[in-house]
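Asker: Next up is a structure, given as structure tokens.
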Amino acid sequence: MKEKWLEWASRLQSIAQAGIEFGENQYDLDRYQQIRALSVEILNEYTGISHEKIRDLFASETGYQTPKVDVRASVFKDNRILMVREKIDGAWSLPGGWADVTTSVSESAVRECLEEAGARVGPKRVIIIHQADKHYDFPYPHTIYKIFVECDLIESNFSDNTETLEAGFFPIDSLPPLSNERNTREQIEICFEAKKHELFETVFD
């Protein structure tokens with residue numbers, strides 16, 4: 001569950017962003033800017049992250065605030081799942097990342113697999129849509145939808161890139177240390193379960 005201080009900061013940021021977008025009175029706009037600054041102060045106080053980074057990640061958008069989308073690919077070879085080792089923390093995750101504004105969910109899965117794992121894949125179905133707040137202990141400052149897409153493997157040939165150190169296929173009973181900010185063991189277990197069934201009902205919320 002999201003910490004109360006983080007929930008309050010997120011709500012303040014959402015109110016401020018909408019007010020800045022739709023407000024017409026300069027007096028009101030100034031007050032909404034102050035509310036946004038207060039939300040940044042709260043996050044800085046509790047996380048120690050610099051004001052500049054918080055503003056870049058959390059308080060720089062315009063328009064009505066909506067959830068961010070993180071797309072992860074579930075790709076199998078001989079009952080082993082494809083994972084990549086992240087440069088940022090040295091731990092392992094399913095290939096994936098933020099969805100680009102101009103791409104669909106399936107296009108995002110294809111791109112991330114190719115860029116991070118050197119794998120060419122064909123998207124098959126969505127198996128998980130999770131709201132990150134409900135499944136991760138990491139204190140995300142914004143709402144994130146995690147979408148897991150099962151994909152068929154066409155070919156795999158890892159090459160050096162800016163985001164990952166290596167790629168590999170792992171059985172469920174021998175998973176490497178997980179990058180728990182990106183995926184949980186529970187989610188990977190769901191990927192294995194879905195792989196067993198031709199028909200699988202999407203897990204969501």
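Asker: For F76, work out the one condition from (1) outside the structural domain of D152 (by TED's automatic domain parsing); (2) in contact (Cβ under 8 Å) with a residue 60 or more places away in the chain it doesn't fulfil.
Answerer: For F76, the exception is condition (1).
Every residue, every condition in (1) part of a strand (DSSP E or B); (2) crowded, with 19+ Cβ neighbours inside 10 Å; (3) among the aliphatic types (A, V, I, L, M), yes or no:
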residue: R125; (1), (2), (3): yes, no, no
residue: Y136; (1), (2), (3): no, yes, no
residue: E155; (1), (2), (3): yes, no, no
residue: T162; (1), (2), (3): no, no, no
residue: G168; (1), (2), (3): yes, no, no
residue: N180; (1), (2), (3): no, no, no
residue: N183; (1), (2), (3): no, yes, no
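Asker: For the list (1) assigned to a strand (DSSP E or B); (2) closer than 30 Å to L6 by Cα, I need the number of the one condition that E189 fails.
Answerer: (1)
Asker: Now a separate question. Identify, from the list Q26, Q65, the residue that is surrounded by 15 or more Cβ atoms within 10 Å (Cβ to Cβ), over 23 Å from K195 (Cβ atoms) and not aromatic (F, W, Y).
Answerer: Every option except Q65 fails the conditions.
The values are calculated or read from the model by the stated rules, or taken from the named source; none is laboratory data. Quick caveat: nothing in here was measured; it's all calculated off a predicted structure. Ideal geometry is used to build each Cβ from the backbone, glycine not excepted, and the neighbour counts take in all protein chains shown.
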